[in-house]
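S.K.: First, the structure itself, so that you have it in front of you.
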Amino acid sequence: MKLHWYYLAYVMQGLIVLSTLYALYIGDYFVAFSGVVAVGLTMIPYIARRRVHIVVPWEVNFLIALSLFLHVAGYSYHWYVDLYPYYDKIAHFVASLTISLLGFLTVLLLDRFTCLRMQRWQIFFFIIMFTLAFGAIWEIWEYMLDTIFGPLLSKPLQHGLDDTMIDLIFDLVGAFIVATLGTWYLKNKNFEDVVDSLLEPGYENNKLGDCGKK
């Protein structure tokens, strides 16, 4: 993929920085801290490329940055409140697509570099379980923050059982979409060829597990 497509992720990173600075300006230090963490998370694809020579597709790179921007900006500019519940559900849906794609890439890498071997139907359910697990952890995290740091937050992160359940339903929908498209994409593809496209040239024969190549 041409390099200029990666500029979309750079734009999102810049917007995260601006949202973080704004949160700092208005004195919302918790959100500002979250923004700093978000910027660090957007660097993981670049670190993966430098350290283990895995090239994260630009679409996934962009979605990672977009998901984190929606989260930080939603709190910095109070979009979660002003545009509730629509903004919150859109942010959850985009995040679920991102996590699902990361789960898809994970299972491909595991298939290539470890002894794990999955059929397409198993990959389908792995992606769904992977995404829902992250969704559940996120809801638990929000509950813990509300419980422990509630007085320090500008607004509660959760709004009752209905809000939590709808968030998880959106997570499931995003996971189902990616799982369906991902397993369909693999229907006429060789797993090893797909993973080779995720590695920098010259590193296709790298072995990260005892089984090595299939």
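S.K.: Out of everything in region 46-88 that is among the β-branched types (V, I, T) and surrounded by fewer than 19 Cβ atoms within 10 Å (Cβ to Cβ), what residue ends up being farthest from the chain's Cα centre (by Cα)?
M.R.: That would be V81.
S.K.: Regarding region 78-99, can at least one residue be identified that is in contact with a helix residue (DSSP H, G or I) (Cβ under 6 Å, 6 or more places away or on another chain) and among the basic types (K, R)?
M.R.: yes
S.K.: Tell me which helices (runs of 4 or more DSSP H) are completely within region 1-104 and hold 1 or more residues being farther than 22 Å from M165 by Cα, or say none if there are none.
M.R.: Here the list reads 7-25, 29-42, 44-52, 58-76.
S.K.: Which of the residues spanning region 94-111 are under 21 Å from Y75 (Cβ atoms) and either surrounded by fewer than 20 Cβ atoms within 10 Å (Cβ to Cβ) or touching a Pro at 6+ places or on another chain (Cβ under 6 Å) (or both)?
M.R.: V94
S.K.: Something else about it: When you check A91 against the structure, is it crowded, with 19+ Cβ neighbours inside 10 Å and not assigned by TED's automatic domain parsing to the domain that holds G135, yes or no?
M.R.: Considered against the rule, which asks whether it is crowded, with 19+ Cβ neighbours inside 10 Å and not assigned by TED's automatic domain parsing to the domain that holds G135, A91 comes out as no.
S.K.: Just checking, which of M165, M144 is over 18 Å from L68 (Cα atoms), at pLDDT 90 or above and loosely packed, with under 14 Cβ neighbours inside 10 Å?
M.R.: None of the others qualify; the one that does is M165.
The values are calculated or read from the model by the stated rules, or taken from the named source; none is laboratory data. For clarity, every value in this text was computed on a predicted model and none was experimentally measured. In this analysis, Cβ positions are derived from the backbone assuming ideal geometry, glycine residues included, and neighbour counts consider all displayed protein chains.
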